[in-house]
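Below is one structure; the comments refer to it alone.
What follows draws every value from the coordinates through simple rules; no lab data is involved. What you are looking at is a predicted structure, and each value in this text was computed from that prediction instead of being measured. All Cβ positions, even for glycine, are placed from backbone atoms using ideal geometry, and neighbour counts span all protein chains on display.
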Amino acid sequence: MSSFLAWVTHGVKRGRLELGARTTVALSAVVAALTLITAIYLVLVSRTAAQGRTIERLQAEVLHLQRENEQAAVRIAETCAIPQVMARAQALGFAPADRIEFLAGSD
């Protein structure tokens, strides 16, 4: 590490940094690798955020559909209640049976 510090301070004292071809290639490779890693990270974070928004939208839709189903179940229960059915039957002209006859089946 001391040779690196000596190299850096030597270049700073002279007012310019002299980089060799190997050093330039190594620094360029490090910068390229860091740029690539950063880009991949940003893409992954972006996709994760988009999937999170999609999941939230789908959960809201599920809750909305569950509420609609519960309301439909209540309407069905109200419509199928015995007093409702009897009132509707009377409105359609049906009357209670006066006499009921059972026929024996031929089994």
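Using just its DSSP H runs of length 4 or more, each adding -39500 (n - 2.57), the chain gives a mean residue ellipticity at 222 nm of -27500 deg cm²/dmol after division by all residues. Rounded to the nearest 0.05, the FRET efficiency derived from the C-beta distance between Q71 and R47 at R0 = 30 Å is 0.25.
Between S106 and E78, the modelled label-to-label distance comes to 5.0 nm, taking each label 7 Å out from Cα in the direction of the beta carbon. Hydrophobic, long helices, defined as DSSP H runs whose alpha-carbon span along the helix axis is 20 Å or greater and whose mean Kyte-Doolittle value is at least 0.0, occur in the chain at 21-79. Given (1) 45, 18, 9; (2) 89, 16, 9; (3) 26, 16, 11 as candidate values of semi-axes √(5λ) of the Cα gyration tensor in Å, which corresponds to the one derived from the coordinates? Here semi-axes √(5λ) of the Cα gyration tensor in Å agrees with entry (2).
Treating r as the C-beta distance of E61 and L36 and R0 as 35 Å, the FRET efficiency rounds to 0.40.
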